[in-house]
1. Of the residues 82, 95, only one is at pLDDT 80 or above, assigned to a loop (DSSP other than H, G, I, E, B) and surrounded by 12 or more Cβ atoms within 10 Å (Cβ to Cβ); which?
2. So in the range 129-156, with the set limited to residues that are among the acidic types (Asp, Glu) and not in a loop (DSSP other than H, G, I, E, B), which one is farthest from residue 108 (Cα to Cα)?
3. Kindly provide the set of residues from the range 15-40 that are touching a Ser or Thr at 6+ places or on another chain (Cβ under 9 Å), within 14 Å of residue 2 (Cβ to Cβ) and outside any loop (DSSP other than H, G, I, E, B), ordered by number.
4. Looking only at the range 6-31, which residues are acidic (Asp, Glu) and in contact with a helix residue (DSSP H, G or I) (Cβ under 9 Å, 6 or more places away or on another chain)?
Amino acid sequence: MSIFCDECGKNIATVFLIKVAGSEISRAQLCEECSKKMDEATEAASLIALMPQIISGMQSAVDGNLQDEVFSGEPIVCEECGTSFNDFKKLGYLGCSACYRVLGDPLENVIFDFHGSNKHTGKTPTKLSREARLRLKLAELERSLRKRIAEEEYEAAAAVRDEIKQIESMLDSERSKSEKE
């Protein structure tokens, strides 16, 4: 193996890459300049691949924060810690609790897509009352309904709406039962 860059062949390699795909292993050694060019090309390709999600996110952002970030070229940045939405996408974590408020809907959409919910549920206590379980289910269905409507999945939204009505009816009967006791 030579010490020169595989791409330009002129400069000394300082970046060493190993890619494992299935049973195939490929190696590359690059100089700093060629490595930066590769990073720029990879970022551009990633951006092109993410365009449908970006456009979808812009359409679903209610308060317009994501549109402002994309069209103005200025990222939304948390005033407390300086974390931007792009930082979150790269690192996978936020800098502080204020980031949730500042990054708003775009962050909520990412969390919902990843977890299927944007509320931490944790473990449910085993002795949770039937009414409390119904309330949790109702909240989950209401979030699902909002998502279905935003994604223009109206048939699925109608089914969720019907389920919400059923749960609300059950809650009403639970309340009337507890009032009689």
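The values are calculated or read from the model by the stated rules, or taken from the named source; none is laboratory data. Because the structure is a prediction, the values reported are computed rather than measured. Counting neighbours? That spans all protein chains shown, and the Cβs are built from the backbone with ideal geometry, glycine included.
1. Values: 82 fails: surrounded by 12 or more Cβ atoms within 10 Å (Cβ to Cβ).
Within the list 82, 95, the selection yields 95.
2. Step one: list which residues in the range 129-156 are among the acidic types (Asp, Glu), which gives 131, 140, 142, 151-153, 155.
After this cut, where a residue has to be not in a loop (DSSP other than H, G, I, E, B) as well, the list is 131, 140, 142, 155.
Working: 131: 27, 140: 15, 142: 15, 155: 24 Å.
Ranking the candidates gives 131 first.
3. 29, 30
4. Scanning the range 6-31 gives 6, 7.
Residue-by-condition table, conditions (1) at negative phi; (2) modelled with pLDDT of 85 or more; (3) over 23 Å from the mean Cα position of the chain (by Cα):
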site	(1), (2), (3)
111	yes, no, no
136	yes, no, no
144	yes, yes, no
159	yes, yes, yes
181	yes, no, yes
